[in-house]
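Structure, as structure tokens:
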Amino acid sequence: MWFSKKSEDIIVELSTNPVEGLSSSEVERRKAQYGLNKLEGKKGKTLIQLFFAQLNDILIYVLIAAALISGFLGEISDAIIIGIVILINAIVGIVQESKAEKALDALKQLSTPKTIVKRDGQLVEIPSEEVVPGDIIVIDAGRYIPCDIRLFETANLKVEESALTGESVPVDKDAEMVLDAPDTALGDQKNMAFSSTLATYGRGVGIAVATGMNTEIGKIAKMLNEDEDSKTPLQIKLAELGKTLSIGAIIICAVMFLVGFLQKRNLLDMFMSSISLAVAAIPEGLPAIVTIVLAMGVQRMIKQNAIIRKLPAVETLGSVNIICSDKTGTLTQNKMTVTKFYCNKELKTIDDLNIENSSEKLLIENLVLCNDATFSETSRTGDPTEIALVEAGIKFNLFKDELEASHKRVNEIPFDSDRKLMSTVNTYDNKFIVMTKGALDNMLTICTKIYENGQVIPLTQEMKNTILDESYKMSDDALRVLGAAFKETPNTNVEISTLENDLIFIGMIGMIDPPRLEVKDSISLCKNSGIKTIMITGDHKNTAFAIAKELEIAEDISQVMSGQELDKLNDEELSEKVKHLRVFARVSPEHKVKIVKAFKSHGNIVSMTGDGVNDAPSLKAADIGVAMGITGTDVAKGASDMILTDDNFSTIVSAIKEGRNIFNNIKKSVIFLLSCNLGEIIALFFAILLGWATPLKPIHILWVNLITDTLPALSLGVDPGDPDIMKNKPRSPKDSIFKNSVGSLIFNGLLIGLLTLAAFIVGIKIHTGSTSLFPLYPSNLTEDALIYARTMAFIVLSVSQLIHSLNMRSEDKSIFSLGLFTNKFLIGSIVLGILIQDLIITIPFLANIFNVINLTGTDWLVVTVLSLIPLIANEIIKIFKRMSNSKKEIA
Ligand code: ATP
């Protein structure tokens, strides 16, 4: 019962040191003793379990039944081939699934929260998993509590404990409290913070008392099965499509069987053909391919600094047409430098500051003391705005640690982006002085006096107007302006209402935060691809507009709206106005939800960035919530669909580009698979319907299906991105994946099917020397002729499909302009596929099993010409497409 012990006793019990923290060697020892600080998840499946899971499929049952029947009837080679097909299918399935799973696991790892701990006397940020009992942990607003912690210092700390207690209203924590009732409920243990709960306000420091499965949440083991399995809209749609196609395929096969029966064909042959065709035609590999292409795309995105937290986001990304972005740190570098200051009625550059002047000195002292950044020679942590202020102090030999030692902080009200202010109470000799800093407009409303050259005099409205005018000069130059004020207070009371009023204005400073260099290009790229960029900032209207203009987000100040103006509009009015707006300034996180909704009301697909605790609602409201990886709080990350590990706007644009490419690649794989399946159906169905001999044996179909459904389809899924993808407008999420592709799918399916039949006819003609047009009726044919012709059909079906995969790489660009070898995996799959086919017909043992024979050079010539026809036909069609596209462009 940690809550009933004094923190001093716990320090002794856990052999730790609140000032220095644990030493590295001690941490290693404790890691070995307690293990990682994480909850044990579900155990992974064994290989055998995975294997049997693959077999648990109705199609596989049918195949197994078919293999058994063939075996019983003495068709041993058929049985073996079907067995091999089942085996390879299962292996491919396992490999694909575990690859997808690994990729998703890696993603989870990347987005695990971090914790600030004190170790070897230094504050360091470590993955929460590495926390050990005895660690001294610093908690700030927006962080997940990494383990169970006995607090020994709290400053207005509030924690939301719904994960543990179900209570969603944050509770106040108080380190001073010692409870002795042994049965105090978790929710009442105010001096404790529990693993998996969330700090929403204030600060605290405590000792890790329990980690991993020993924590309260670990005991409940509540989160163990929380693995959510989110399917993307496309995956769901494709699964439905798969079902419809399966029913269609089964009907066709039943009809085929019936026709065969009426034609008095060999029933076993017909049965096997129908089953093989059904198995081949049902796109059972489709969901796996989609998942793996998505997962691999997501892996590529990680390399470009975007972590996708929810798979459906990948698809939505491709449709984004509005990016709402925070300014500070995302569009700008977040490297702030104080350049100007205003004090004693004068606006000067910072280098001209006279530290001997009492007002000017107090200005800097205020900004350094009312400041949470930590600063040492080796490391700087904290808000860049505050780091810049500490740096400004150093210029004038006012060091934060020295100042804090002589003017101890006795209380504080943290900064939040609604008030846009921060206050501390510091001791000056025997006095308590409130130091407040923050947004100038908010600051002036709570100041009644001004400190000029050592004198406190009343602050008139006229003086306020002059100060505001001076501040505009700074904000018009894109400077962020921060005001400073102080007052004496009789006690250390922390009520905002009593501390942050009736203050004495000291002065203000202006700091520059240059735009990120690469952002301008990304914004213009967005413009060309139908994506609007919207800047959202807590900064002043003028500062925001100056930067927006530089980045070419806005041209005119009428495109900027402030939070105040926004407050005056109702939802409809905002929705009307929003079309013309590009910048929202002086907004609080609450405004962001309104902004997202207003944009969404026009059917836009909106992405919104955020970092703070209060940004979570807007991140959830957006179609794509984007959290900052560096400056973002755990709350914002938890609510987001995507995390930027570099906080950079350009990364959002790269992710959108990648999202578009991933969708296109999935489309290529899907259309390819379906056109190949259609080809197989057509070849067999036509032949049967016309009463011809069957051009392919069941095992041929199964085999070709195996060769094309796996490597080539996957290789299309990793096709290099189309460099021109950002020239297109965003895809409407309502558009079907088949948009503009049904024609090509049917055409190519027909072509492949007819070419296979053609190969069969040519084969029979060459072998029999027949002059009749269709010498194809079974009664006329010898077994040798059939084997020969089927070999031709078998090879043409497989090779034409393999070659056809090249057509899928672009809807209108020639494969030669794309570069034949730019997708090496695809070329590799094609070559491998052809090689395997060649081996099957040349190695007598295999040829025997497959019931095929070796082909002569002339045969290969015929086969090659036939197999190249889909490529030639599609290249010609693409020429016409390009011509009509360029006509459209001219028009
Ligand atoms: P953006 O929304 O562009 O990312 P931001 O998130 O930095 O900007 P806020 O943090 O809400 O915006 O800051 C708004 C205003 O609050 C700033 O213009 C500044 O005047 C003031 N401010 C920012 N940081 C602090 C701080 N640490 N202490 C006091 N005031 C601050």
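The values are calculated or read from the model by the stated rules, or taken from the named source; none is laboratory data. Because the structure is a prediction, the values reported are computed rather than measured. Positions of Cβ are generated from backbone atoms using ideal geometry, with glycine treated the same way; all protein chains shown enter the neighbour counts.
Just one of (1) away from the ligand (no atom under 14 Å from the Cβ); (2) assigned by TED's automatic domain parsing to the domain that holds residue 447; (3) surrounded by fewer than 24 Cβ atoms within 10 Å (Cβ to Cβ) fails for residue 496. It is (1). Checking each residue in segment 607-635 for being under 16 Å from residue 587 (Cβ atoms) and under 15 Å from the mean Cα position of the chain (by Cα) picks out 608, 609, 610, 619, 622. Residues of segment 572-582 that are exposed (fewer than 13 other Cβ atoms within 10 Å of the Cβ) and either in contact with a helix residue (DSSP H, G or I) (Cβ under 7 Å, 6 or more places away or on another chain) or closer than 19 Å to residue 538 by Cα (or both): 580 alone.
The single condition among (1) out of contact with any Lys or Arg (no Cβ under 6 Å at 6 or more places or on another chain); (2) under 19 Å from residue 157 (Cβ atoms) that residue 213 does not satisfy is (2). Scanning segment 414-448 for residues that are within 13 Å of the ligand (Cβ to nearest atom) and acidic (Asp, Glu) returns 416, 418, 441.
Regarding residue 403, is this residue surrounded by fewer than 22 Cβ atoms within 10 Å (Cβ to Cβ), touching a residue at least 40 places away in the same chain (Cβ under 8 Å) and not basic (Lys, Arg)? In short, no.
Report yes if residue 538 is within 14 Å of the ligand (Cβ to nearest atom) and not in a strand (DSSP E or B), otherwise no. Quick ask: steps written out before the conclusion?
Numbers: within 14 Å of the ligand (Cβ to nearest atom): yes; not in a strand (DSSP E or B): yes.
Yes.
Close Cβ contacts (under 9 Å, 6 or more residues apart or on different chains) running from residues in segment 856-870 that are over 13 Å from residue 752 (Cα atoms) to residues that are small (Gly, Ala, Ser) and surrounded by 20 or more Cβ atoms within 10 Å (Cβ to Cβ) comprise 859/763; 862/759; 862/763.
Scan 395, 361, 408, 345 and give me the residue that is closer than 20 Å to residue 450 by Cβ, away from the ligand (no atom under 16 Å from the Cβ) and out of contact with any Phe, Trp or Tyr (no Cβ under 9 Å at 6 or more places or on another chain).
On the way: 395 fails: closer than 20 Å to residue 450 by Cβ; 361 fails: out of contact with any Phe, Trp or Tyr (no Cβ under 9 Å at 6 or more places or on another chain); 408 fails: closer than 20 Å to residue 450 by Cβ.
On inspection, the qualifying residue turns out to be 345.
Among the residues examined, residue 471 qualifies as within 16 Å of the ligand (Cβ to nearest atom), assigned by TED's automatic domain parsing to the domain that holds residue 367 and in contact with a Leu (Cβ under 6 Å, 6 or more places away or on another chain).
Looking for something within 16 Å of the ligand (Cβ to nearest atom) and either of a type in the set (Phe, Trp, Tyr) or surrounded by 18 or more Cβ atoms within 10 Å (Cβ to Cβ) (or both) - is there at least one such residue anywhere in segment 273-293? No, that holds for no residue. Can you spot a residue in segment 515-528 that is in contact with a strand residue (DSSP E or B) (Cβ under 9 Å, 6 or more places away or on another chain), assigned to a helix (DSSP H, G or I) and within 14 Å of the ligand (Cβ to nearest atom)? Checking segment 515-528: at least one residue is in contact with a strand residue (DSSP E or B) (Cβ under 9 Å, 6 or more places away or on another chain), assigned to a helix (DSSP H, G or I) and within 14 Å of the ligand (Cβ to nearest atom).
Let me confirm something: among 585, 598, 548, 627, which residue is in contact (Cβ under 8 Å) with a residue 12 or more places away in the chain, buried (at least 23 other Cβ atoms within 10 Å of the Cβ), away from the ligand (no atom under 16 Å from the Cβ) and not assigned by TED's automatic domain parsing to the domain that holds residue 169?
Working: 585 fails: away from the ligand (no atom under 16 Å from the Cβ); 548 fails: away from the ligand (no atom under 16 Å from the Cβ); 627 fails: away from the ligand (no atom under 16 Å from the Cβ).
From the options 585, 598, 548, 627, the qualifying one is 598.
Going by what's in this entry, would residue 478 be described as surrounded by 15 or more Cβ atoms within 10 Å (Cβ to Cβ), in contact (Cβ under 8 Å) with a residue 60 or more places away in the chain and either small (Gly, Ala, Ser) or within 13 Å of the ligand (Cβ to nearest atom) (or both)? Spelling it out, residue 478 is indeed surrounded by 15 or more Cβ atoms within 10 Å (Cβ to Cβ), in contact (Cβ under 8 Å) with a residue 60 or more places away in the chain and either small (Gly, Ala, Ser) or within 13 Å of the ligand (Cβ to nearest atom) (or both).
How many residues are touching a strand residue (DSSP E or B) at 6+ places or on another chain (Cβ under 7 Å), among the acidic types (Asp, Glu) and part of a loop (DSSP other than H, G, I, E, B) if we restrict to segment 150-198? Residues meeting the conditions: 2. Taking segment 339-382 as the range and being among the basic types (Lys, Arg) and under 14 Å from residue 398 (Cα atoms) as the test, only 361 passes.
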